[in-house]
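Engineer: After the structure tokens below, expect a handful of questions from me.
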Amino acid sequence: MNKSIANLAGWAGMLLLQCATVPTLLGQILGEGGPLPPASLVIMVWSGLALYMLRAVADNDKLYMTSNGIGLFFNSILMALIIFSPA
């Protein structure tokens, strides 16, 4: 496979994967969302992304640093919404 096609596929996959949390996040911010995901799920995903980030930084892998950074950002917002939302 051509390396540029493989790189493009990696960036496209990262974009699609990170956009998976956007509907839930936007729905909550705009007050139109359904239930928030459980805190345990968000904590586990955030922890996994943090560990992946350590590896990406050690490998100087820009794709994974970008992806993990975006994922950590979105999951941090979800966690803040879970913690600070009225029950």
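A short reminder: the numbers here are calculations on the coordinates, not readings from a lab. The structure presented is a predicted model; accordingly, all values stated were derived computationally and were not measured. We place every Cβ from the backbone using ideal geometry, glycine too, and count neighbours over all the protein chains shown.
Engineer: Rounded to the nearest 500 deg cm²/dmol, what is the calculated helix-only ellipticity per residue at 222 nm for the chain, with -39500 (n - 2.57) per DSSP H run of length n ≥ 4?
Structural biologist: Numbers: 4 runs with 68 residues, N = 87.
That calculation yields -26000 deg cm²/dmol at 222 nm.
Engineer: Using the Karplus equation 6.51 cos²θ - 1.76 cosθ + 1.60 (θ = phi - 60°), what ³J(HN,Hα) coupling, rounded to whole Hz, does each residue of segment 61-73 give in order, writing x for Gly and Pro?
Structural biologist: Computed from phi, the couplings for segment 61-73 are 9, 5, 4, 6, 5, 5, 4, 5, x, 5, x, 5, 4 Hz.
Engineer: For segment 1-43, divide the Cα radius of gyration by the Kirkwood radius and give the resulting Rg/Rh value with two decimals.
Structural biologist: So for segment 1-43, dividing Rg by the Kirkwood Rh gives 1.22.
Engineer: Hey, another quick one. According to the Cα gyration tensor, what semi-axes, each the square root of 5 times an eigenvalue, does the equivalent ellipsoid of the chain have, listed from largest to smallest in whole Å?
Structural biologist: Values: eigenvalues 159, 49, 13 Å².
Each semi-axis is the square root of five times an eigenvalue, giving 28, 16, 8 Å.
Engineer: Considering amide H positions built from the backbone, and no H for Pro or chain starts, which residues 5 or more places from Leu36, or on another chain, come under 5 Å of its amide H?
Structural biologist: Those lying under 5 Å, H to H, from Leu36: there are none.
Engineer: Rounded to whole Hz and in sequence order, give me ³J(HN,Hα) for segment 80-86 from the Karplus expression 6.51 cos²θ - 1.76 cosθ + 1.60, θ = phi - 60°, writing x for Gly and Pro.
Structural biologist: Once θ is set to phi - 60°, the couplings for segment 80-86 become 4, 5, 5, 5, 9, 6, x Hz.
Engineer: Per-residue HN-Hα couplings for segment 30-46, Karplus 6.51 cos²θ - 1.76 cosθ + 1.60 at θ = phi - 60°, whole Hz, x for Gly and Pro?
Structural biologist: 7, x, 10, x, x, x, 6, x, x, 4, 4, 5, 5, 5, 5, 5, 4
Engineer: Report the FRET efficiency, 1/(1 + (r/R0)^6), for Ser85 and Ser47, where r is their Cβ-Cβ distance and R0 is 22 Å, rounded to 0.05.
Structural biologist: Once rounded, the FRET efficiency stands at 0.55.
Engineer: Name the most mobile residue of Ala50, Ala39, Ala58, meaning the one with the largest mean-square fluctuation, in a Gaussian network model of the chain with Cα contacts below 10 Å.
Structural biologist: Maximum fluctuation in the GNM of the chain, among the listed residues, is at Ala58.
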